[in-house]
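Chemist: Okay, here's the structure, questions in a sec.
Since every read-out is calculated from the coordinates, none of them should be taken as a lab result. Just so it is clear, the structure is predicted and the values come from calculations on it, not from any experiment. Methodologically, a virtual Cβ is constructed for each residue, glycine included, from the backbone with ideal geometry; neighbour enumeration extends over all protein chains shown.
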């Protein structure tokens, strides 16, 4: 298709020509892409920053992007042009998108199937904070974790984007939530979202505190995002036949796991990666049917943290790496 005559032909974007840290992020002027059949051109209003973006830029993500590339996996934006065959969306409609890459720009082309129409009560920033964290949390807790009302879940990094999403979804699934975070100010946020027990993750008696909060039994579920030397402790937090959902390894360290620890508890460890799950239309539909009514009613609200302009993307990376963030770090063109 041909873009409308009012559409600019070039746009600002952040390009990565070599793998590395924030210093490799380069602001450039590139052509506005055109959507093909089944695709949509979005005007990017807000971009959600994820640790996965930082790993992708560093060349350490599970799938390595071919150089050069424009990073950015999720965004909130408005429909600017429709590719052939796309009939369920309207020009100007606000959506949240899992773009895979390319969101660090003023415009991005993405498949129409990966778009979520955004309820009118959500801002573009909140839309950008939605797709990765909330779908991952739902899949970890419900689809793969088989959470049932009355069970207990330990949520690590509970004040972050995934953590705040997990708390809200867990509460609506009827779970008791034990939130772990690195500061009292972060625990204030987890309390405000409904976490039942709020613990500093640096305390020396953390395992004992979790066991006390579960009546000495341990948790039914642990959402593990830290990895490294804390991995074994996460297994110890489980009750008999508990389930640990591995969603990340923020510490960057190598986890050591004694199989006897799993055998002794008849416990299971399950990896969670959104990318392949998002390709399954039935799973995405199920998750959307759960999330959209809660979002529309305001019962679930994406937590927006620090906001950076696109030209300061490197600063946003540095800020996220400092572990000081709460909620979703947002970048705006």
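Chemist: Can you put 329, 226 in order, fewest other beta carbons within 10 Å first?
Modeler: By the 10 Å Cβ count, ascending, the order reads 226, 329.
Chemist: Further, regarding this structure: Under a plain spin-label model, where a point goes 7 Å from the Cα along Cα-to-Cβ, how far apart in nm are residue 67 and residue 144?
Modeler: Label at residue 67, label at residue 144, 3.0 nm between them.
Chemist: When 1/r is averaged over all different Cα pairs and the result inverted, which Kirkwood radius in Å belongs to segment 78-130?
Modeler: Numbers: mean 1/r = 0.0859 Å⁻¹.
Computed over segment 78-130, the radius equals 11.6 Å.
Chemist: So, in nm, how far is label residue 275 from label residue 37 when the simple model puts each one 7 Å beyond its Cα toward the Cβ?
Modeler: 2.7 nm
Chemist: Taking neighbour counts of Cβ atoms within 10 Å as a proxy for exposure, in what order, fewest first, do 205, 53, 282, 45 appear?
Modeler: If I rank by nearby Cβ atoms, fewest first, I get 282, 205, 45, 53.
Chemist: Could you give the length gained on full extension between residue 236 and residue 17, defined as 0.36 nm per residue of separation minus the Cα-Cα distance, in nm? Intermediate results must be reported in sequence, preceding the final value.
Modeler: Details: separation 219, 0.36 × 219 = 78.84 nm, distance 4.30 nm.
Full extension from residue 236 to residue 17 adds 74.5 nm.
Chemist: Let me ask you something else. Taking only C-alpha pairs under 8 Å that are 6+ residues apart, what is the relative contact order of segment 251-333 in percent?
Modeler: With pairs under 8 Å counted, the relative contact order is 23 percent.
Chemist: On to the next question. Ranking 296, 234, 120 by Cβ neighbours within 10 Å, fewest first, what do you get?
Modeler: Least crowded to most crowded, the residues run 120, 296, 234.
Chemist: As a check on your grasp of the helix formula, calculate [θ] at 222 nm for the chain: sum -39500 (n - 2.57) over DSSP H runs of n ≥ 4, divide by the residue count, round to the nearest 500.
Modeler: Value at 222 nm, helices only, nearest 500: -7500 deg cm²/dmol.
Chemist: Taking Cα atoms, how many degrees apart are the long axis of helix 281-297 and the longest axis of the chain, rounded to 10 and kept between 0 and 90?
Modeler: 90 degrees
Chemist: To continue, here is another question. Using Cα atoms only, what is the angle between the long axis of helix 161-172 and the major principal axis of the chain, expressed in degrees (0 to 90) to the nearest 10?
Modeler: Once rounded, one gets 60 degrees.
Chemist: Could you tell me what fraction of 2.2 N^0.38 Å the Cα radius of gyration of segment 102-181 comes to, as a two-decimal ratio?
Modeler: Rg over 2.2 N^0.38 Å, computed on Cα atoms: 1.26.
Chemist: Same structure again: What would the Debye equation give as log₁₀ I(q)/I(0) for segment 133-275 at q = 0.13, 0.15, 0.17 Å⁻¹, counting only Cα atoms as equal point scatterers?
Modeler: -0.47, -0.65, -0.85
Chemist: By how many nm would the segment from residue 283 to residue 183 lengthen if fully extended, with 0.36 nm per residue of separation less the alpha-carbon distance? Each step should come with its number before you reach the end.
Modeler: On the way: separation 100, 0.36 × 100 = 36.00 nm, distance 3.51 nm.
The span from residue 283 to residue 183 would gain 32.5 nm if fully extended.
Chemist: If I stretch the segment between residue 203 and residue 29 completely, what's the gain in nm (0.36 nm per residue apart, minus their alpha carbon distance), one decimal?
Modeler: Full-extension gain reported as 57.8 nm.
Chemist: Calculate the all-directions average of the projected area of the chain's alpha-carbon convex hull, and give it in nm². Present the calculation step by step, with values, prior to reporting the outcome.
Modeler: Working: hull surface 65.1 nm².
Over all viewing directions, the chain projects a mean Cα-hull area of 16.3 nm².
Chemist: Another one. In whole Å, how far is the Cα centre of segment 92-121 from that of segment 1-63?
Modeler: Between the Cα centres of segment 92-121 and segment 1-63 lies a distance of 12 Å.
Chemist: Using only alpha carbon pairs under 8 Å that are at least six residues apart, calculate the relative contact order of segment 7-64 and give it in whole percent. Please list the in-between numbers first.
Modeler: On the way: 49 pairs, mean separation 18.8, N = 58.
Reported relative contact order: 32 percent.
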